[in-house]
């Protein structure tokens, strides 16, 4: 039988036969795309048999989350439809770099499709403000302008806005103020302090409020209140709420890749996989990656309190991925996986 929280060095089609029916919550995987010539990563597999096994092992409300591109990817989506899977969503991973610089078109994205076996529902997930918008200065400038329009005293906001628009460090008398929210600020600008508070949280205060006003009206981020107090429909209020509660996950996810520590040519960022898992799983669920590669899916599952099962047919990548995973397990004093 298959044990949870292990990666196996074997063909996934053989390994999946030992998984019980309807015992897996999510399959998150990046199969061989079958378009590379003489490349061991593009090892052909029995696609029809693989997707039939996927349907067998998934729970009725389970999901399959599939990376892919080109002809094979569209063929796989059609196969899933023929097996009566329900298409739920398509995600674009914006890698922000070109994985094929010699091509006529620099491809900087990968496509992910999400299907449910029968009746799964995608979770509503909030992403922190800075993680969602930290790469998009124009969007932050727009938010600051919206906040500025709602406030009478905008001196501090003007300082940060000037820096973002003109790439200049604002001055306060003879003192140069740092707008880096991670640096130590000697003479503290109030708006910089506010930005640090948004990112890092506020120190506890000597007066703690626990009051909560309930109303039948529910607005953005599930806040309650009347129209006047909640500011329903006002863009400035929506900006502030998004800073506090985060943004709904979007269909385009921008997530950088670490080029210098990868152990596999198609290695996915762990944070990207964590965000995908958040959409289709809850804590304690079991996640299967039949083409485990670098074990990024296993690490993402472990980081978010999910169980994992992985299969990797290539011995070299299996050894490297288990070593990588064992370093993670060592930090939590968990038993290491034997190679």
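Given R0 = 45 Å, the distance between the Cβ atoms of residue 78 and residue 334 translates into a calculated FRET efficiency of 0.65.
Between residue 118 and residue 141, what FRET efficiency comes out of the Förster formula 1/(1 + (r/R0)^6) with R0 = 51 Å and r the beta carbon distance, rounded to 0.05?
On the way: r = 45 Å, r/R0 = 0.88.
With a Förster radius of 51 Å, E is 0.70.
Would you list 66, 58, 13 from fewest to most Cβ contacts within 10 Å? Lowest to highest Cβ neighbour count: 13, 66, 58.
So if we plug the beta-carbon distance of residue 46 and residue 23 into 1/(1 + (r/R0)^6) with R0 = 25 Å, what FRET efficiency do we get, rounded to 0.05? Computed FRET efficiency for residue 46 and residue 23: 0.70. Kirkwood hydrodynamic radius of the range 61-104, from the reciprocal of the average inverse Cα-Cα distance over all distinct pairs: 12.7 Å.
Packing, taken as the mean count of other beta carbons within 10 Å per residue, orders the peptides 318-328, 270-280 from highest to lowest as 270-280, 318-328.
A short reminder: the numbers here are calculations on the coordinates, not readings from a lab. In this text the structure is predicted, and so the values were computed from the model without any measurement. Cβ coordinates were reconstructed from backbone atoms using ideal geometry, including for glycine residues, and neighbour counts include every protein chain displayed.
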